[in-house]
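> Below you will find the structure I want to go over with you.
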Amino acid sequence: MNICFIMYPWETINPEHDTSLALIKECVKRGHGVAMCSPANLTIRDSVTNAFCNVIGRMEKVPSTLKSFYSKAKLREEMLPLAGFDAIFFRANPPLDPIMLNFLDSVKDDVFIVNSLQGMREANNKLYTAAFGDAHSNIIPNTHVSKNKEYLVQQIKDSKADKMILKPLNGFGGSGVILIEKSAMSNINSLLDFYISTGEGETNYVILQDYIDGADKGDIRILLLNGEPVGAMRRVPGSDDHRSNVSAGGSIQKHTLTKAEKALCKQIGPKLVKDGLYFVGIDVIGGKLVEVNVMSPGGITYMNKVYKNKRKVEEKVIDFLESKVLDKLQAFDRRARLRKTVEEA
Ligand SMILES: Nc1ncnc2c1ncn2[C@@H]1O[C@H](COP(=O)(O)OP(=O)(O)O)[C@@H](O)[C@H]1O
Ligand SMILES: [Mg+2]
């Protein structure tokens, strides 16, 4: 099959740890055609949605390490129609460009897209997670999202806990996630002004969330494929940061899912699948859901490293992609056969 990865530029890939690169390598290893483009490369040519792609040359022998695969891969530039691919694997970083989704709308009936466009529309920022639970479900820590500074200040004052988390709606990699303490209330007004106003007359939503005790021992990243966990790891914050993200200095440890984490996956998996969110990374602390990452969830390479003997995560992901593409092709075939029967009647 032929797969187009819509993602960040090839030059920005970290060849030792990149999840997209591990997925691409697995596709090439299986003999699939792989092309890459960034969201800005989409172009309508003669009323057909195309992309300026980098096509990866087929390899007789695929190097075993990601690093050598990255350095040996030969890229060829070509403009290609998106509807000619069997699958599109969307792996660009937030924020999600709504115009890009409109380009993809034109091919969504022809090509299997991970994650679905509707799913990405709904879940591309932290509002999806913030509205996941309600006051009774206990899935997420108590959360407020607002642009109203007075409301947020009041929530901080009324909170029983001394610590809370403040974060932007659209961040990733730990950027802008800060720990606030009631004992340092004099900074809060200024911080909220900074988070809410962009300085260009526009305003941003801010997330205010209960701090989950135990977060200093790390968070759990779980990768869910078609609603089921396929890999997990613990990320432990560095000594001078409260955030566990690897890009914020966190380190990786082996983790076996607890009963509570397995139950959480069971609870949220069906909704993720229903929303077309087939490949998702969730962040969990103390059994509570902190974030659902749907755009470019990572962690595959770290998980493979800590679970050396198990089947690699990328193999499971590409198995799933192949089965979805097969389903789609069989549906096309069936329709063609039925049309022929009617035409010939
Ligand atoms: N409510 C919370 N309680 C404790 N720590 C948190 C909380 N929310 C976020 N963090 C810490 O900050 C990190 C980044 O937050 P997250 O919501 O996952 O945003 P990002 O998209 O930047 O990864 C988490 O992995 C965790 O270490
Ligand atoms: Mg996160």
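> Mind listing whichever residues of region 194-221 are more than 7 Å from ligand 1 (Cβ to nearest atom), over 26 Å from Asp97 (Cα atoms) and over 21 Å from the mean Cα position of the chain (by Cα)?
Within region 194-221, Asp213, Gly214, Asp216, Lys217 meet the criteria.
> Being surrounded by 15 or more Cβ atoms within 10 Å (Cβ to Cβ), farther than 22 Å from Val236 by Cα and among the basic types (Lys, Arg) is the filter here; which residues of region 149-186 pass it?
Answer for region 149-186, where residues must be surrounded by 15 or more Cβ atoms within 10 Å (Cβ to Cβ), farther than 22 Å from Val236 by Cα and among the basic types (Lys, Arg): just Lys149.
> Take region 222-240 and flag every residue that is outside any loop (DSSP other than H, G, I, E, B) and over 18 Å from the mean Cα position of the chain (by Cα).
Within region 222-240, Val236 is the sole residue that qualifies.
> I'd like to verify a number: residues in region 189-206 that are buried (at least 19 other Cβ atoms within 10 Å of the Cβ) and in contact with a helix residue (DSSP H, G or I) (Cβ under 6 Å, 6 or more places away or on another chain), how many?
Result for region 189-206: 2.
> Kindly evaluate Ile139 against the criterion of being over 30 Å from Lys108 (Cα atoms), assigned to a helix (DSSP H, G or I), away from ligand 1 (no atom under 12 Å from the Cβ) and of a type in the set (A, V, I, L, M).
Criteria not met by Ile139.
> Of everything in region 264-285 that's away from ligand 1 (no atom under 16 Å from the Cβ) and of a type in the set (A, V, I, L, M), which residue is surrounded by the fewest Cβ atoms within 10 Å (Cβ to Cβ)?
Here the answer is Val273.
> Please go through region 76-94 and give me each residue that is surrounded by 14 or more Cβ atoms within 10 Å (Cβ to Cβ) and of a type in the set (A, V, I, L, M, F, W, C), ordered by number.
Leu80, Leu82, Ala83, Phe85, Ala87, Ile88, Phe89, Phe90, Ala92
> Out of the residues in region 241-263 that are within 13 Å of ligand 2 (Cβ to nearest atom), part of a helix (DSSP H, G or I) and of a type in the set (Gly, Ala, Ser), state the one that is surrounded by the fewest Cβ atoms within 10 Å (Cβ to Cβ).
This residue is Ser247.
> Another question about this same structure. With the structure loaded, tell me whether Val273 is part of a helix (DSSP H, G or I) and outside the structural domain of Ser244 (by TED's automatic domain parsing) or whether it fails that test.
no
> For region 127-160, enumerate the residues that are among the charged types (D, E, K, R) and either touching an Asp or Glu at 6+ places or on another chain (Cβ under 8 Å) or outside the structural domain of Met185 (by TED's automatic domain parsing) (or both).
Within region 127-160, Asp134, Lys149 qualify.
The values are calculated or read from the model by the stated rules, or taken from the named source; none is laboratory data. Here the structure is a predicted model, which means the values were calculated and not measured. Every residue, glycine as well, gets a Cβ built from its backbone with ideal geometry; the counts of neighbours run over all protein chains shown.
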